1. With the requirement that a residue be among the aromatic types (F, W, Y), over 20 Å from the mean Cα position of the chain (by Cα) and over 20 Å from H15 (Cβ atoms), what does the range 30-85 give you?
2. In the set K251, K293, which member is closer than 29 Å to T171 by Cα, surrounded by fewer than 20 Cβ atoms within 10 Å (Cβ to Cβ) and in contact with a Leu (Cβ under 6 Å, 6 or more places away or on another chain)?
3. Looking at (1) over 15 Å from the mean Cα position of the chain (by Cα); (2) within 12 Å of ligand 1 (Cβ to nearest atom), which is the only condition P131 fails?
4. Scan the range 105-118 and give yes if some residue there is within 16 Å of ligand 2 (Cβ to nearest atom), more than 16 Å from the chain's Cα centre (by Cα) and in contact (Cβ under 8 Å) with a residue 40 or more places away in the chain, otherwise no.
5. Output yes when any residue across the range 195-206 is over 27 Å from W284 (Cα atoms), in contact with a strand residue (DSSP E or B) (Cβ under 9 Å, 6 or more places away or on another chain), in a helix (DSSP H, G or I) and modelled with pLDDT under 95, and no when none is.
6. Restricting to the range 136-169, name every residue that is buried (at least 16 other Cβ atoms within 10 Å of the Cβ) and either within 10 Å of ligand 2 (Cβ to nearest atom) or farther than 27 Å from K7 by Cα (or both).
7. Specify which of the listed residues (S14, S43) is more than 15 Å from ligand 1 (Cβ to nearest atom) and surrounded by fewer than 18 Cβ atoms within 10 Å (Cβ to Cβ).
8. Answer yes or no: is there a residue in the range 89-106 that is within 14 Å of ligand 1 (Cβ to nearest atom), surrounded by fewer than 24 Cβ atoms within 10 Å (Cβ to Cβ), at pLDDT 95 or above and closer than 17 Å to E23 by Cβ.
Amino acid sequence: MEKEIEKALQVLRSHEPIVIPTETVYGLAAPIFDEVAVRKIFSIKQRPEDNPLIAHIGKLSQVHQIAVDIPQEFYTLAEAFFPGPLTIVLKKHPSVPLVSSGGLNTIAVRMPCHPITLEVLKRVGEPLVAPSANISGRPSPTCVEHVLEDLNGKVSCIIDGGPCVYGLESTVLSLVEDIPTLLRPGEISQEVLSARLGKQVAVGAKGEFMSPGMRYKHYAPSARIILFESLDEIRKRMETEGVSKKWLLMKNPKNFPMQTFALLRSNLYSLFRRADQSNCDEIWIYVDPEMKKDHTMMNRVLKATDL
Ligand code: TXA
Ligand code: MG
């Protein structure tokens, strides 16, 4: 582990991004004040420049390097959920380059929960900005094999930290306005955040998730995704269309005469990638009443569905 960390630090010193494991998904990381390396993140990922990055910190005191006017609520949530799958948007410190914040005067901050990455973050001495380590629009990588599928040959240091525990991206909460606002749903829910803060957390304007990155098509495999709310509908379509090159994903697999896989939050992206590798044309997802209530899962599935 020591050798890997040394290599990572050396690559960062040469203004090159590295790939870091986290508990959510893998990230493509560069020091927040290193504009040269941060620009490389955007070009490697083919990411739109106005889609801001998340700053990853290794200890709480690092937040002062990148944010100002930090409200008490930040510390309340940090105490409860850091390190962990929660990102908090704050007012940006003027010294943070605009390239790192996608041109915004706010900055998203999170402390990831992975021992190797935390050690790298502590030693770098400044936060690392990191989007997910995939080509933009592809499903986020939840293990090192996924990272290699997208970025092999494009980065000189990929830290293998094993499979990601959660497999979906962090919750994004803004504390910039008076009312705390959920911008992207994730493992830490609106209810849990509201309970911890002792006040209601809002969900964007008009109940929509407002993170700038939510505007883009995301997390999508090449196969077409079709959602079903009834098993009868699935049976009918199987009969009329046949099941060749089609996969069915459902929470509790039933005995259907087609390729069926058990769907969890933690394996959604990996199933998307496997479907593409198997030259699957269509992914059918059975949205049962329980899944329909899972805002995080539904958010990612719908993002992969609409164009
Ligand atoms: O779990 C995660 O958050 C992973 C790991 C690597 O930490 N990172 C991740 O990064 O998912 P990315 O770039 O794929 O998604 C970042 C999301 C985007 O929707 C972006 O728009 C939003 O966070 N975001 C970043 N900075 C923001 C800001 N200042 N204001 C509002 N939204 C922001
Ligand atoms: Mg991403």
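1. The answer is F74, Y75.
2. The unique qualifying residue is K251.
3. (1)
4. Among the residues of the range 105-118, not one is within 16 Å of ligand 2 (Cβ to nearest atom), more than 16 Å from the chain's Cα centre (by Cα) and in contact (Cβ under 8 Å) with a residue 40 or more places away in the chain, which makes the answer no.
5. Yes, the conditions are met somewhere in the range 195-206.
6. Within the range 136-169, S136, R138, P139, S140, P141, L168, E169 meet the criteria.
7. Matching residue, one of S14, S43: S14.
8. no
The values are calculated or read from the model by the stated rules, or taken from the named source; none is laboratory data. Quick caveat: nothing in here was measured; it's all calculated off a predicted structure. Glycine gets a Cβ as well: all are built from the backbone with ideal geometry, and neighbour counts include every protein chain shown.
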